[in-house]
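Taking it in order: structure first as structure tokens, then the write-up.
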Amino acid sequence: MIRTLPADRLEDFVNDWLAQRYKDYHSHELWRGSGDMGRDVTGYVTGKRMEGPWDNFQCKQLNRSLSEKSAFIELGKIFMHSADGAYSLPRSYFFVAPLGVARSVQQFLAHPERLRQAFLDKWDSDIADKLVDKKTIPLSPNIEAKINAFDFTKIHWLDSTRLANDAACKPVLVKWFNEDPGPSPRGVVPAEIQENESAYISQLLKLYSEIDSGIYPDVAAALASVEFGTHLRDQRTRFFDSVAFDRFYRDSTPTEYLNTFKDEIYHGVVEIHRDKHQDGLTKLSQVMKQAAVIQPSGVLGKYAGPQVKQGTCHQFANEGRLPWHR
């Protein structure tokens, strides 16, 4: 499916991919049409954008693999414009060619210094008159200095398979092609109470104390209780299943998918939560019953079991959106 995208849509796809690489890039930018100066999509490492380190992603949607001559011409644009002062040389350069690169290009990229020399040797014959319409750009001392200063080990290529197999591409495949991200792993409940669960557990202890007149001052007391020990363990299982669910789909689907899922759970239980109940534990029980039968939309709804939906309600209690006890 990546191979069948129109050229401009491939650029959009790569731009969406960089948006998911928030650990690698501070921001990113799509350059479209004429005047892009050899840049299709750029990833900025810092807030200084092109005045700091940056990576260039040159998209080549062709009906064949990227040829040696075409690769040299694209590289030539970068060195020409950098020599003219348009921008600093990129930190890294990526050819994004869904059908791959020609064997000679692959060989050159595997031998960076051979690539540098061949690039210099072929400037006059293959590159100089292809950079600007009706104009020949000679290999000036300034351009040659740029070529010699650049680290050619930082030139890479990505075909459709390499791109699709990148972990950060998973949310983009879901968004663009309805790729199924698969089920999330179950949560692991730690023996010790974690900071991220302390708020809802404190609220549960207050609910237990309402029933038994304050004899559950801490988690150990509640876990030792015949009446509430199993209940508390069940709530922790639900909570950590929901945390594992969130973590998995935060990395494998677009951000709005998880946001929509949580909104649907919230609106599915909020009226039950607002109802009058004889006590807080009854309220919690009714909310949990309702959460279990909600059918959220989309692929996340497909994989959200009852415990994930119930655990999401504990997340709401943590956040103060749907507290169990005030």
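Packing, as the average of other Cβ atoms within 10 Å across residues, places the peptides 161-168, 254-261 in the order 254-261, 161-168, highest first.
Note on residue 289 and residue 250: the extension gain reaches 11.5 nm, defined as 0.36 nm multiplied by sequence separation minus the Cα-Cα distance.
Sorting 225, 140 by the number of Cβ atoms found within 10 Å of their own Cβ, with the fewest placed first, yields 140, 225.
3J(HN,Hα) along region 143-155: 5, 4, 5, 5, 5, 6, 7, 7, 8, 6, 6, 8, 9 Hz, from the Karplus curve 6.51 cos²θ - 1.76 cosθ + 1.60 with θ = phi - 60°, whole Hz, x for Gly and Pro. Phi angles across region 34-48 convert, under the Karplus curve 6.51 cos²θ - 1.76 cosθ + 1.60 with θ = phi - 60°, into 3J(HN,Hα) values of 5, x, 7, 6, x, 10, 9, 9, 10, x, 9, 7, 10, x, 6 Hz, Gly and Pro given as x. Quick one: which residues, 5+ away or cross-chain, put their amide H under 5 Å from the amide H of residue 157? H built at 1.01 Å from N. Long-range HN contacts for residue 157: 95. Taking N as the residue count of the chain, its C-alpha radius of gyration divided by 2.2 N^0.38 Å amounts to 1.41.
Suppose only helical runs count, i.e. DSSP H with n ≥ 4. What mean residue ellipticity at 222 nm does that imply for the chain under -39500 (n - 2.57) per run, divided by all residues and rounded to the nearest 500 deg cm²/dmol?
Details: 14 runs with 170 residues, N = 326.
When only DSSP H runs of four or more count, the value is -16000 deg cm²/dmol.
Taking the C-alpha atoms only, the angle from helix 280-293 to the longest principal axis of the chain is near 50 degrees.
The ranking of 146, 309 from fewest to most other beta carbons within 10 Å of each one's beta carbon is 146, 309. Please find the FRET efficiency linking residue 88 to residue 9, where r is the Cβ-Cβ separation and R0 is fixed at 30 Å, and quote it to the nearest 0.05. Efficiency computed from Cβ-Cβ geometry: 0.55.
Look at 234, 241 and count the other Cβ atoms within 10 Å of each Cβ; fewest to most, that gives 234, 241. Modelled this way, with points 7 Å down the Cα-to-C-beta line, the labels at residue 136 and residue 21 are 3.8 nm from one another.
Which of the peptides 22-34, 102-114 is most tightly packed, and how do the rest follow, going by the mean number of other Cβ atoms within 10 Å of each residue?
Going from most to least packed, we get 102-114, 22-34.
Distant-in-sequence amide contacts of residue 31, defined by a placed amide H-H separation under 5 Å and a gap of 5 or more residues or a different chain, comprise 41, 42. Rounded to two decimals, the Cα-based Rg/Rh of region 195-319, with Kirkwood Rh, is 0.99.
You can think of it this way: the chain between residue 234 and residue 69 has 53.0 nm of extra reach, that is 0.36 nm per residue less the Cα-Cα gap.
FYI, it's all coordinate maths here, none of it is from the lab. Because the structure is a prediction, the values reported are computed rather than measured. Don't worry about glycine lacking a Cβ; one is built from the backbone with ideal geometry, like all the others, and counts go over all protein chains shown.
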